Every structure is written in C-alpha cells, then in structure tokens.
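Student: Take a look at the following structure, please.
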Amino acid sequence: MNNSQLHTFHIPVMGLAYTIDSPIRVAQYGISSVISIMDDDLMEKLNAFYSKKFNFQYEEITQKIHDFRAKRITSYLNLVDKIVKEKFEKFKTEILESKTVLDNYIAILPNQSEIKLKFQEILQNGASAKETLLQFIEKNLVAGDIDVNIMTKVDKENFSQGKLLPSIFNDAHAALRGFANSNLESSVVFSAGMNPSLYGYLEDFSDFFPDENYKLKKKIILKVSDFRSAMIQGNYLAKKGLWVSEYRIESGLNCGGHAFATDGFLLGFILEEFKNKKSELVNSAHELMTKALIQKGFSVPNSPLELKITVQGGVGTSEEHEFLLKQYNVDSVGWGSPFLLVPEATSVDPETRKLLSKATESDLFLSHISPLGIPFNSVKGTTNEALKQHRISHGKFGSSCPKKYLELNKEFAGKAICTASKKYQEQKLHELEQEKKVISESEFIQKREKILEKSCLCVGLSNASLLENNLPVKGEAQGIVVCPGPNMAYFTEEISLLRMVKHIYGNDNVISVKNRPHFFMKELKMYADYLKKEIENSVLETSKMAWKKIEKFRQNLLEGIEYYENLFAETTYFQAEKEMILLELQKIKTSVESFEAAVL
C-alpha cells in the first residue's frame, strides 16, 4: 500500500519568501511544497535562524567564498531536509502516543484514500491496534516532497573583478548547482519557459539520470501553459537523456505571481489535450531518451518512467478539486493563494495576512510593477507601493537595488541593470526630459508613470519572512510585495491548516463569500477582458500580423467556449450552478463574437 503521494494537492511556489520554509511547516503531514531558490541571501539568513532553532551547527557562507550562491542554496536545502526528517520521525511518535494528533491527521487525509481507510480499520480493532498501527505507520507514511523552483529567465550574468564569469555562475545555473549538490531526493520546477543553456547544464549532474535501478534521485518538473510547449521542451530534454517527471499546467491568467497569458487557450481545453495525448508525450520522450542514454552509457529503462500531469490556478472548492482529478486524470492539484492565509503553512507577516484577508475582487489586479516586463498579480494597499509613492513624491526615484537578481536590462552600455533601480530610472527620466518639448503633456505623464511603476521585487518578495520571524530588515525600506491570484478575493480570514485541508477534501467550508464564480468561468472572463484590451490597444496598429494574432486569439477563445458548453452540459459535477454557467457562457460567447468587426 506504500503510496509516495499521500495527498492529492500540493502547495506551489509563491514569491521568494512565502513558501521558503513551507516544507519545515507541513512536510511531516505528507504535504508537498515548493521553495524558491532564487534568493540566496534570504536562505542564508534562514539557515542561521533555523539552525539555532533546531540546534544544528551553522557555518556562515559569506559572499567572499567562491561559488557562495550555490553553496548557500545547498546548505539551506540540506538543513531543511534534516529538519523535515527530524520532525517527521517525531510526528510518527506523536501519532502513536496521542489520539488527538492521530484523529487530526486522519481528518486531513483524502476521504477515499487507502491509507485513511486502513487507519480507520486498525482503530476499530481496539486493544490490539497499537502494534499494528506502528507497523502500518512505518511502512506507509511518507513526508511531503521538498521541491524547488527556478525561474529560468532570471539568469543574470555575474562578474568577478570586472570580468564576466562563465555561464555556470549565472544566477539560475548556480541555483541549479545548489540543488543538484544537495542531499534532497526531490524535484526542480522550471518555470517561465525554456532556457537552453540551463537545460544543457542538467547533463553535468548524474542525479538527473536513471541509476542502475532506473530510479531518479532528482527529478525535473516543467511548468507549462499548453501541450505544444510540453512536447517541445520534453523532447528537447529527452534528447539529452533527461526525463521530465511532471508537467505542471498553470492557468495563464487565473494564478498568482507573474501571469503568462496563452494565445486564448483556456485551462479546461488545455487539460483535455493533455489527457488525450499523454501517451504521445510519454512515448515520444521515452524513445528519444533511450537513444541518448545508450550513447552516454547509462542504464536504460525497458519502459517509460512515471510521468505526472498536475494543474494549478484558481481552484477554490472541493468540488472543483475532485472534478479536476476525475475529469482530467491529473495526479495533483495546486492550491496556492488560499494558503497565504494559513500561518502553519506559509511565511507571511501579520500585516500582509490581514491585507490579503480583506482583499476583494476590485483590490486584486494585474499590474506592471515587475522589472521583467511581464504582467504581475498585485493587491492594492501594500506597504511597498506606499513607500515607493512616498519616495517619488519627495523626488527620489528607483530602488538602491541591493540584491541585483533582476539586473537583466541591457538597454544602456555596460553591465545589465534592473528597471526598478535608481540608476535605470534616473537615466530614463533624463531621456524623457529631452523629449518633453516634442511630446504632449499627457504623453509625458504616461511615459513617466511607466518608468516609475516598477518595484523592487527582490526585496519586496523576501521581506515577509524576515518580518514574520523578527529578523532584521536592512537597507532602504521597501515594504512588502505580495502576488496573490484573483482567487484570493474569496478567502476572507486566517485559516488553520486543519480547516484548510479539510476544505480541500470537502469536510469543511472556509469560504463565506457568496456567488464565487466557477474557476473555469473566472479565467474565461479574464481572457475575454484581456482580448478586449488587446483590441483597444491595437486600434492604431496597421500591421496585418498583429491583427492576425488577435483574430487567432479570438478563434481559440471561441473554440474553448464551445468546449465548455459541451463539458458543462454533460458533466455530473456543478449541478447547483450549471444553469447559471451555461447562461454565462452564452453571454460571453456573444460578446467575443461581437469583437469580430473590430478585428476584421
């Protein structure tokens, strides 16, 4: 019965800090979560903090040490691994000794899981249960995975004494090395698209290749937005002898963090394609990987390795959760933003949790604050925005840029800089002043706002963990940046881990907001609004290519709506809201069809 996955949900990466220590908080319960390994400075601080808390020896890794970034990441991940193993062993003892702990643990397991049912059966045996329970626990309970996330495009070049270092010292490359050299037996999640150099670097680490028993010590997860992207990236890696163990499908718009809109492809439509073509994905990669492994002299599996399909983005009810598992045969569902209100699971300071709990639909929006130039989910009222506007009002522009992870813009001569930095913004404002005589006042204001809207995400997305743990926040005050998805509007109070997990499995309800939209419908409305804005912004565009792209987007959206009409007409799920959903689909369809005149 030993099941490597006790739960049917996982906690995705959130920001730089929000899940930085989530495995320490929840892995003992079998819950998997993902750590961002971008901010080595934050990890070094938490390494010191948790080493002291759990009585482990701590040796500081300063920036003067060669390859400090990778070594900091390795050290922190090894510490998290040790703490999780220690807490897991302690938790197994608590289960045996405390009926309350055991009852609460059983309460958070999936209702129909074999392990939950076996627990209940053992307890019915009364006096003879303890020895049987001990054996069962040792054989079947596992800790949640300690996975890590690398945003592939955040791969800043680095220098030493003014000389450019080899690419293996780029930020994402060093992060990968930090994970690869750690003791973890888990996965790296690559997000934000393909980075050929980074993917090629995987070949330098044997843990990503099958051992003599065809096991992978370290696995690869790709976060993707459509089947085509999965096939391209999966085959690219397979040709190197590398296996993608999971494709993590994320809603293009109904998610947290950076929003990567698709070309009008809706989540349900995308999931249907993965469901129907999974064997194609598996067989293609297996054939290519086999050839590569033979050439490299590695062990070659006789049959394809395990490949999981998971999904995340806007899920908020147990019925939606179960629907995804049953309708699309996914292996796990990611629950992100709601866990920002669970202190036992995520690292968020009290003030930010309060802000999130009060956030309504109108408070959550796609902003342009990210220096990466990608739409970024934001919430009104953050301390970061307040501090930024205060500095602007006093003639102080841009961040001091202490961490420099997003120094990726090469617009000016010399080393790349961050668009949220003081150096960049002052240069752009100087350029704008030169234009002032030849542009209108409104255009000047618009361009100025566009320059100044960028925020320091490196610091803003890290500060919450420091504040929550009462660790010093040094340097210029940047406040907190938080990036919840639109789903945050329907969770309105701080929630215990027990209640949150029971909610996921349909044994409790933590949503008090009425008329919460179905998560497929929420995404559809966002895409319809996105299309409308694209058309409005392209009114003066004369390029046939631009309008052809918009028309393709519109057709993809209409195809997705037709798919939903058939899906909701036939499914046995969502009976209470089915009629309303079908009416809403027709309304949105009519609206999207009306865009035709503008496009053509």
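The values are calculated or read from the model by the stated rules, or taken from the named source; none is laboratory data. Bear in mind that the values here come from a model prediction, so they are computed numbers and not experimental data. Note that we place each Cβ from the backbone using ideal geometry, even for glycine, and neighbour counts take in every protein chain shown. Please note that ligands, DNA and RNA were not included when accessible areas were found on the heavy atoms of the full protein model with its side chains. Shrake-Rupley method; radii C 1.70, N 1.55, O 1.52, S 1.80 Å.
Student: What do you reckon, is Leu102 in a helix (DSSP H, G or I) and of a type outside the set (S, T, N, Q)?
Tutor: Values: in a helix (DSSP H, G or I): yes; of a type outside the set (S, T, N, Q): yes.
Criteria met by Leu102.
Student: Only one of these is assigned to a loop (DSSP other than H, G, I, E, B), surrounded by 18 or more Cβ atoms within 10 Å (Cβ to Cβ) and at pLDDT 95 or above: Leu222, Leu216, Leu237, Leu202. Name it.
Tutor: Working: Leu222 fails: assigned to a loop (DSSP other than H, G, I, E, B); Leu237 fails: assigned to a loop (DSSP other than H, G, I, E, B); Leu202 fails: assigned to a loop (DSSP other than H, G, I, E, B).
Of the residues listed, the single one that is assigned to a loop (DSSP other than H, G, I, E, B), surrounded by 18 or more Cβ atoms within 10 Å (Cβ to Cβ) and at pLDDT 95 or above is Leu216.
Student: Shifting gears a bit: Determine which single condition Ala127 fails, assuming it passes every other condition in (1) modelled with pLDDT under 95; (2) among the aliphatic types (A, V, I, L, M); (3) in contact with a helix residue (DSSP H, G or I) (Cβ under 6 Å, 6 or more places away or on another chain).
Tutor: Single failed check for Ala127: (3).
Student: So is Gly268 in contact with a strand residue (DSSP E or B) (Cβ under 6 Å, 6 or more places away or on another chain), over 29 Å from Phe298 (Cβ atoms), at pLDDT 95 or above and surrounded by 18 or more Cβ atoms within 10 Å (Cβ to Cβ) or not? Write out each step before concluding.
Tutor: Values: in contact with a strand residue (DSSP E or B) (Cβ under 6 Å, 6 or more places away or on another chain): no; over 29 Å from Phe298 (Cβ atoms): yes; at pLDDT 95 or above: yes; surrounded by 18 or more Cβ atoms within 10 Å (Cβ to Cβ): yes.
Criteria not met by Gly268.
Student: Assess whether Phe190 counts as being open to solvent by less than 60 Å² (accessible area, probe 1.4 Å), closer than 26 Å to Phe9 by Cα, assigned to a strand (DSSP E or B) and aromatic (Phe, Trp, Tyr).
Tutor: It is true that Phe190 is open to solvent by less than 60 Å² (accessible area, probe 1.4 Å), closer than 26 Å to Phe9 by Cα, assigned to a strand (DSSP E or B) and aromatic (Phe, Trp, Tyr).
Student: So, one more: Quick one: is Ser347 at pLDDT 95 or above, outside any helix (DSSP H, G or I) and under 28 Å from Lys525 (Cα atoms)?
Tutor: On the way: at pLDDT 95 or above: yes; outside any helix (DSSP H, G or I): yes; under 28 Å from Lys525 (Cα atoms): no.
Here the answer is no, as Ser347 does not meet what is asked.
Student: In region 343-350, is there at least one residue being over 26 Å from Ser33 (Cα atoms) and either of a type in the set (Phe, Trp, Tyr) or surrounded by fewer than 19 Cβ atoms within 10 Å (Cβ to Cβ) (or both)?
Tutor: no
Student: In region 246-265, what residues are farther than 23 Å from Ile220 by Cβ and open to solvent by 10 Å² or more (accessible area, probe 1.4 Å)?
Tutor: Hits for region 246-265 are Ala261, Asp263, Phe265.
Student: Out of Val80, Val84, report the one residue that is within 20 Å of the chain's Cα centre (by Cα) and part of a helix (DSSP H, G or I).
Tutor: Result of the check over Val80, Val84: Val80.
Student: Hey, another quick one. Just wondering, is there one or more residues in region 271-281 that are over 24 Å from Gln5 (Cα atoms), of a type in the set (A, V, I, L, M, F, W, C) and either surrounded by fewer than 17 Cβ atoms within 10 Å (Cβ to Cβ) or at pLDDT 95 or above (or both)?
Tutor: No; the residues of region 271-281 include none that is over 24 Å from Gln5 (Cα atoms), of a type in the set (A, V, I, L, M, F, W, C) and either surrounded by fewer than 17 Cβ atoms within 10 Å (Cβ to Cβ) or at pLDDT 95 or above (or both).
Student: Restricting the search to region 133-184, which residues are under 19 Å from the mean Cα position of the chain (by Cα) and of a type in the set (S, T, N, Q)?
Tutor: Within region 133-184, Asn149, Thr152 meet the criteria.
Student: Right, Gln135: among the polar types (S, T, N, Q), without any contact (Cβ under 8 Å) to a residue 40 or more places away in the chain and over 30 Å from Asp41 (Cβ atoms) or not?
Tutor: So Gln135 passes the test.
A quick yes/no check of all residues on (1) assigned to a loop (DSSP other than H, G, I, E, B); (2) surrounded by 16 or more Cβ atoms within 10 Å (Cβ to Cβ); (3) free of Cβ contacts under 8 Å to residues at least 24 places away in the same chain:
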| site | (1), (2), (3) |
| --- | --- |
| Gln427 | no, yes, yes |
| Gln434 | no, no, yes |
| Ser442 | no, no, yes |
| Gln446 | no, no, yes |
| Ser455 | yes, yes, no |
| Cys458 | no, yes, no |
| Leu466 | no, yes, no |
| Pro472 | yes, no, yes |
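Student: While we're looking at this one, here's another question. When you scan region 17-29, how many residues do you find that are open to solvent by 10 Å² or more (accessible area, probe 1.4 Å) and either within 10 Å of the chain's Cα centre (by Cα) or at positive phi (or both)?
Tutor: 0
Student: Also: Looking only at residues in region 392-425 that are touching a Pro at 6+ places or on another chain (Cβ under 8 Å) and part of a loop (DSSP other than H, G, I, E, B), which one is most open to solvent (accessible area, probe 1.4 Å)?
Tutor: The qualifying residue most open to solvent (accessible area, probe 1.4 Å) is Leu408.
Student: Could you check how many residues of region 29-74 are part of a loop (DSSP other than H, G, I, E, B), out of contact with any Gly (no Cβ under 8 Å at 6 or more places or on another chain) and under 24 Å from Ser160 (Cα atoms)?
Tutor: Qualifying residue count, region 29-74: 11.
Student: Among the residues of region 1-58, how many are free of Cβ contacts under 8 Å to residues at least 24 places away in the same chain and within 19 Å of Asn104 (Cα to Cα)? Before you say what the answer is, go through the steps one by one.
Tutor: The first filter runs over region 1-58 and keeps only residues free of Cβ contacts under 8 Å to residues at least 24 places away in the same chain, leaving 48, 52-53, 55, 57-58.
Then drop every residue that is not within 19 Å of Asn104 (Cα to Cα), which leaves none.
The qualifying residues number 0.
Student: Answer yes or no as to whether Met231 is open to solvent by 20 Å² or more (accessible area, probe 1.4 Å) and either in contact with a Lys or Arg (Cβ under 9 Å, 6 or more places away or on another chain) or on the phi > 0 side of the Ramachandran plot (or both).
Tutor: Judged against the criteria, Met231 is a match.
Student: Where in region 495-600 are there helices (runs of 4 or more DSSP H), lying wholly inside it, with at least 2 residues that are among the hydrophobic types (A, V, I, L, M, F, W, C) and open to solvent by 40 Å² or more (accessible area, probe 1.4 Å)?
Tutor: It comes to 544-570, 578-593, 596-599.
Student: List pairs: first in region 543-560 and within 11 Å of Phe265 (Cβ to Cβ) and among the charged types (D, E, K, R), second modelled with pLDDT of 90 or more and surrounded by 16 or more Cβ atoms within 10 Å (Cβ to Cβ), Cβ under 9 Å, 6+ apart or cross-chain?
Tutor: Lys552/Gly264; Glu559/Gly264; Glu559/Phe265; Glu559/Leu266; Glu559/Phe269
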